[in-house]
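Have a look at the structure below, then the notes.
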Amino acid sequence: MHQQFKAISISHHTAPIDVRERVALEEQGCKNLLLQAREVLDISEMLVLSTCNRTEIYYTSAEDRSEDIIKLIGIQKGLDTNLYKHYFQSFTDHQVAVRRLFEVSLGIHSQVVGDLQITSQAKHAYQWAADVNMAGPFVHRLMHAIFFANKRVVQETAFRDGAASVSYATVELLEDLTTALIQPKVLVVGLGEIGTDVCKNLAENKHFEVTLCNRTHIKADELATELNFKVLPFSQVEEKMRQYDVIISSVAKQDPFITQAMIKSWDILSYKFFVDLAVPRSIESTIEEIPGVVLYNIDEIQSRANEALQKRIVAIAHVQEIITEALKDFSDWSREMAVSPTINKLKNALEQIRQEELARHLKGLTPAETERIEQITKGIMQKIIKLPVLQLKAACKRGEAETLIDVLNDLFNLEAQSERELYK
């Protein structure tokens, strides 16, 4: 599989969301595509990374199979891929495809730079490939190199520091505000795009007890079922709102949905936190005049997110350095993999000579003498082979292994030795 790694991608950089969601694959869909690629295209190693923002396929093949893989996606999803194939990018250069998987898995190409979820999603893709035996030595080594690089990124850079999206920043703010509370009660009112994103991020934090409220009840019910949250009917929101520690509003409305008059009669014993994520604002700014009420608006949340994002952008150069170092180590290993068949042939050739000579001279010896000679001859063989193996590995790093491989093949007639092994 040396120098045969390739990739195809459709992402938020190349396609609108209505196209991306048509080709997106769930776990079983990813596994089905892996199996079809093996059976139909004779591909032995492949990863399928499919998220809300991208569907990427990485595979080993001597040929460019991008059009064939896109057709397989179309068959599985019931799509005419002629309408969608221009949204896909193809990466047929081995080094480019390998580096791309590093960069995607670490979050450089994410919609939110340094996305915390993408590495976990890459782990899922790797696990699914392993589940159906589509992760061979190359993919195993590559993914572990990526995970080690990710560990370095977390430890050595600011690339994962802070919350760089509004939804993440909102949840991070709530964590800071409610540290003294045991399972604070959070009400999310309005489930547009930003409200839904906040809910999905809240679902990853078991610290909160979350209730959803939306004008369209069925939308709240479906999302609550998916995320294991509670639902409050929209008709009861004004009556029940005082029961919650945190109220997040993203209600689309020209006038404020939550007003000072609505909450001025509340008996607030500690604090009530309001977060307004709507534009125009959905919470009246004067509610902060009420003792115990704390209000954060979209600008304050965005400021937190922008600060974190800027730190991540500055850290990209350091992340790229880590990737480059990891790629060098992986490239050295990959080159060594290319010469491993020659090393094995050389070992087999020397072992064959040893066995033949022992067969001629061991007759009549005692078991103890035979064992002693076995140990001596094995030690001699290991010392003889040590230098050629070291020289081969060094030549790999210099990119000069081919000449040495030819010399060893000629000296020891390794091709003939390989054929003898085949017909034993």
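Overview of results
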| item | result |
| --- | --- |
| Residue within segment 127-140 that is within 21 Å of Lys230 (Cβ to Cβ) and free of Cβ contacts under 8 Å to residues at least 60 places away in the same chain present | no |
| Segment 205-229, residues that are open to solvent by less than 90 Å² (accessible area, probe 1.4 Å) and of a type in the set (Val, Ile, Thr) | Val210, Thr211, Thr216 |
| Test: His94 is closer than 16 Å to Arg22 by Cα, of a type outside the set (D, E, K, R) and out of contact with any Pro (no Cβ under 9 Å at 6 or more places or on another chain) | no |
| Some residue of segment 176-189 being at positive phi, at pLDDT below 90 and not charged (D, E, K, R) | no |
| Helices (runs of 4 or more DSSP H) contained entirely in segment 350-424, each with at least 3 residues that are modelled with pLDDT of 75 or more and open to solvent by 60 Å² or more (accessible area, probe 1.4 Å) | 367-398 |
| Test: residue in segment 283-291 that is assigned to a helix (DSSP H, G or I), within 30 Å of Arg141 (Cα to Cα) and open to solvent by less than 50 Å² (accessible area, probe 1.4 Å) | no |
| Search result, residues across segment 241-259 that are in a helix (DSSP H, G or I) and open to solvent by 20 Å² or more (accessible area, probe 1.4 Å) | Arg242, Gln243 |
| Residue count, segment 318-349 (criterion: among the charged types (D, E, K, R) and open to solvent by less than 60 Å² (accessible area, probe 1.4 Å)) | 3 |
| Residue in segment 69-79 that is over 18 Å from Ala24 (Cβ atoms) and not small (Gly, Ala, Ser) present | no |
| Spans of helices (runs of 4 or more DSSP H) in segment 1-79 with at least 2 residues charged (D, E, K, R) and under 17 Å from the mean Cα position of the chain (by Cα) | 27-41 |
| Restricting segment 165-184 to residues that are among the hydroxyl-bearing types (Ser, Thr, Tyr) and open to solvent by less than 10 Å² (accessible area, probe 1.4 Å), the residue that is farthest from the chain's Cα centre (by Cα) | Thr178 |
| Count of residues meeting criterion [among the small types (Gly, Ala, Ser) and either touching an Asp or Glu at 6+ places or on another chain (Cβ under 7 Å) or surrounded by fewer than 20 Cβ atoms within 10 Å (Cβ to Cβ) (or both)] in segment 90-112 | 2 |
| Pairs with Cβ under 7 Å, 6+ apart, first in segment 197-222 and more than 19 Å from Tyr244 (Cβ to Cβ) and outside any strand (DSSP E or B), second open to solvent by less than 70 Å² (accessible area, probe 1.4 Å) and small (Gly, Ala, Ser) | Asp197/Ser167 |
| Considering residues of segment 13-66 that are of a type in the set (Ser, Thr, Tyr) and within 22 Å of Leu106 (Cβ to Cβ) only, the residue most open to solvent (accessible area, probe 1.4 Å) | Thr14 |
| Among the candidates Leu269, Leu187, Leu232, residue that is farther than 27 Å from Ala305 by Cα and open to solvent by less than 20 Å² (accessible area, probe 1.4 Å) | Leu232 |
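For every residue, the table says whether it meets (1) modelled with pLDDT of 90 or more; (2) under 21 Å from the mean Cα position of the chain (by Cα); (3) open to solvent by 40 Å² or more (accessible area, probe 1.4 Å); (4) at positive phi.
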{"site": "Phe88", "(1), (2), (3), (4)": "yes, yes, no, no"}
{"site": "Gly114", "(1), (2), (3), (4)": "no, yes, no, yes"}
{"site": "Ala163", "(1), (2), (3), (4)": "no, yes, no, no"}
{"site": "Leu191", "(1), (2), (3), (4)": "yes, no, no, no"}
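The values are calculated or read from the model by the stated rules, or taken from the named source; none is laboratory data. From a predicted model like this one, the values you see are computed outputs, not experimental measurements. No Cβ is skipped: glycine too gets one built from the backbone with ideal geometry, and neighbour counts run over all protein chains shown. When the accessible area is computed, the model is the full protein with side chains, heavy atoms only, and any ligands, DNA or RNA have been set aside. Shrake-Rupley method; radii C 1.70, N 1.55, O 1.52, S 1.80 Å.
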